[in-house]
1. Over all directions, average the projected area of the Cα convex hull of the chain and note it in nm².
2. Over the chain, what is the relative contact order in percent, taking alpha-carbon pairs closer than 8 angstrom and at least six residues apart?
3. For each cysteine in the chain, check whether another cysteine's C-beta sits under 4.7 Å from its C-beta; list those where none does.
4. Please report, as a whole percent, how much of the solvent-accessible surface of the chain comes from carbon and sulfur atoms (probe radius 1.4 Å).
5. Per residue, how much accessible area does the stretch 2-61 show when a 1.4 Å probe rolls over the protein heavy atoms, in square angstrom?
6. Per DSSP H run of at least 4 residues, take -39500 (n - 2.57); add these up for the chain, divide by its residues and hand me the 222 nm value, nearest 500 deg cm²/dmol.
7. In what sequence, largest accessible area first, do Lys9, Lys28, Lys64 appear using a 1.4 Å probe?
Amino acid sequence: LLPCMPAVKGSGSPPTPQCCSAIAELLKDDPICLCYVAADAAQRNDPNINATVALQLPALCNLKADVHKC
């Protein structure tokens, strides 16, 4: 998910094609991982990761993912 760091920092910038490719692979291989990343960032109150934006990445990349279960 390293290509997605600019998109999830602070207010975030639009995800890059590389980020969207990484999210697509993650959703294909281990979709629940995105939930864990966002939950961990939220729990640690990590200033480098906006958990809300992280969970929006699939939608921002026009990918289907049911992140409401997170």
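The values are calculated or read from the model by the stated rules, or taken from the named source; none is laboratory data. What you are looking at is a predicted structure, and each value in this text was computed from that prediction instead of being measured. Cβ coordinates were reconstructed from backbone atoms using ideal geometry, including for glycine residues, and neighbour counts include every protein chain displayed. Protein only, heavy atoms only, side chains kept; ligands, DNA and RNA dropped before computing areas. Shrake-Rupley method; radii C 1.70, N 1.55, O 1.52, S 1.80 Å.
1. Approximately 4.0 nm², given one-decimal rounding.
2. It comes to 36 percent, rounded to a whole number.
3. Those would be Cys33, since no other cysteine Cβ in the chain comes under 4.7 Å of theirs.
4. 57 percent
5. 58 Å²
6. After summing the helix terms and dividing by residue count, I get -17000 deg cm²/dmol.
7. Greatest to least solvent exposure: Lys64, Lys28, Lys9.
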